[in-house]
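The values are calculated or read from the model by the stated rules, or taken from the named source; none is laboratory data. Remember, predicted model here, so these are calculated numbers, not experimental data. Heads up, the Cβs are rebuilt from the backbone with ideal geometry, glycines too, and the neighbour counts pull from every protein chain shown. Side chains are part of the model used for accessible areas, which takes the heavy atoms of the whole protein and leaves out ligands, DNA and RNA. Shrake-Rupley method; radii C 1.70, N 1.55, O 1.52, S 1.80 Å.
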Amino acid sequence: MRVGVHINRFDHPGGGPALGAELAAAGAAAEAAGVSWLSVMDHYFQMEFNGGAEDPMLEAYTTLGYLAGRTSTVQLGALVTGVTYRHPGLLAKIATTLDVVSGGRATLGIGAAWYDREHHGLGVPYPPLAERFERLEETLRICKQMWDPENNGPFEGRHYQLAETLCVPRPVSAPHPEIMIGGGGEKKTLRLVAQYADACNLIPSSPEELRHKLDVLRGHCDTVGRDYDTIRKTIAYTGDSATDGELDAFLRDIEGYTKLGVDTVIVGPRLGETSGWIESFVAPAVQRLAGLD
């Protein structure tokens, strides 16, 4: 099992002027530790449970572009991109740009979006949940069409209409940047994973819950004719032991997931100084988890 790091706090003691250097240090520490994935949140405002809207928050894709220039091996992505935040044609272009400048290390992590305060606060339309899922599916279709070198024609959907789906230069990743859908909704989200995604990200409360979610995903794969084993499975770990630096407790929590086909466990420290935490906690976790099968 591999380890990913999710940077989710930007409340560095040095304030905004210190964030560039801290992000660079976090990227260097992640690669030195053998981390396979580095992500940031896609939010305008910090989430309420993570400090609140008045806490610092950086725009996701600008941050990922900076990290692309300061790293060379880790896969980069947002966990997860809110489908309502950017027009899908622009989003495909942004994800392609990240893939190009990183040398093929971009993942398009995407979901239906949920944080109503930041939408209303910055004047971004926040349609009902059912419509957000409709827009998510159309966005996935648009991205795949824009990444198809044989199809630069129009796209006609219920919510989006594109006269051309040109995307030049092409992505470096083949056949396109990885698509990761975040969320565990059994009727809609996991169906979209089966139909469109290369990877999924789940937040299970227990191995038993994850086993159930993966069984549901397998059923959707059977329905659409998809090979279940071609989907990379990732989980986000939300327990306190990672933030508290309790390595043995973290490994006990993770052990139950190792036989369920999980490729990567993603940990987020909820700390403004990520680099030191990567060195003290993540680096030994990578070594220990590499021995679990």
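Each row is one residue, and each column tells you yes or no for (1) open to solvent by 10 Å² or more (accessible area, probe 1.4 Å); (2) of a type in the set (Val, Ile, Thr).
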site: Glu22; (1), (2): yes, no
site: Gly27; (1), (2): no, no
site: Phe45; (1), (2): yes, no
site: Val83; (1), (2): no, yes
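Out of the residues in region 158-187 meeting the condition of being out of contact with any Ser or Thr (no Cβ under 6 Å at 6 or more places or on another chain) and among the acidic types (Asp, Glu), tell me which one is least open to solvent (accessible area, probe 1.4 Å).
In this case the residue turns out to be Glu186.
Which residue is farthest from Met41 (Cα to Cα), if the candidates are limited to region 281-293 and must be of a type in the set (Gly, Ala, Ser) and open to solvent by 50 Å² or more (accessible area, probe 1.4 Å)?
Of all residues in region 281-293, those of a type in the set (Gly, Ala, Ser) come to 283, 285, 290-291.
Right, trim to open to solvent by 50 Å² or more (accessible area, probe 1.4 Å) and you get 290-291.
Numbers: Ala290: 26, Gly291: 29 Å.
The qualifying residue farthest from Met41 (Cα to Cα) is Gly291.
Per-residue answers, yes or no, for (1) in contact (Cβ under 8 Å) with a residue 24 or more places away in the chain; (2) farther than 30 Å from Leu129 by Cβ; (3) under 16 Å from the mean Cα position of the chain (by Cα); (4) open to solvent by less than 10 Å² (accessible area, probe 1.4 Å):
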| site | (1), (2), (3), (4) |
| --- | --- |
| Val3 | yes, yes, yes, yes |
| Asp11 | yes, yes, no, no |
| Pro17 | no, yes, no, no |
| Glu31 | yes, yes, no, no |
| Asn50 | yes, no, no, yes |
| Ala53 | yes, no, no, no |
| Leu58 | yes, no, yes, no |
| Ser72 | yes, yes, no, no |
| Gly77 | yes, no, yes, yes |
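From the list Leu129, Leu140, pick out the single residue that is more than 22 Å from Pro56 (Cα to Cα), exposed (fewer than 15 other Cβ atoms within 10 Å of the Cβ), among the aliphatic types (A, V, I, L, M) and at pLDDT 95 or above. Give the derivation first.
On the way: Leu140 fails: exposed (fewer than 15 other Cβ atoms within 10 Å of the Cβ).
Answer to the selection: Leu129.
Residues of region 236-280 being of a type in the set (Gly, Ala, Ser) and open to solvent by less than 30 Å² (accessible area, probe 1.4 Å), which ones?
Ala236, Gly239, Ser241, Ala242, Ala249, Gly268, Gly272, Ser275, listed by residue number.
Counting just the residues of region 244-279 that are under 22 Å from Asp11 (Cα atoms) and of a type in the set (D, E, K, R), which one comes out modelled with the lowest pLDDT?
Within region 244-279, the match that is modelled with the lowest pLDDT is Arg270.
Within the group Ala106, Ala163, Ala78, which residue is closer than 20 Å to Tyr44 by Cα and of a type outside the set (D, E, K, R)? Working first, answer last.
Details: Ala106 fails: closer than 20 Å to Tyr44 by Cα; Ala163 fails: closer than 20 Å to Tyr44 by Cα.
After ruling out the rest, the residue left standing is Ala78.
If I filter region 142-172 down to residues being aromatic (Phe, Trp, Tyr) and under 24 Å from the mean Cα position of the chain (by Cα), which single residue comes out as farthest from His87 (Cα to Cα)?
Taking region 142-172 first, the residues aromatic (Phe, Trp, Tyr) are 147, 155, 160.
Keeping just the survivors that are under 24 Å from the mean Cα position of the chain (by Cα) gives 147, 160.
Details: Trp147: 16, Tyr160: 8 Å.
The qualifying residue farthest from His87 (Cα to Cα) is Trp147.
So that you can scan it fast, the table gives a plain yes or no per residue for (1) within 23 Å of Ala242 (Cα to Cα); (2) at pLDDT below 95; (3) acidic (Asp, Glu):
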position: Leu19; (1), (2), (3): yes, no, no
position: Phe45; (1), (2), (3): no, no, no
position: Ala53; (1), (2), (3): no, no, no
position: Glu59; (1), (2), (3): no, no, yes
position: Ala68; (1), (2), (3): no, no, no
position: Val74; (1), (2), (3): yes, no, no
position: Leu79; (1), (2), (3): yes, no, no
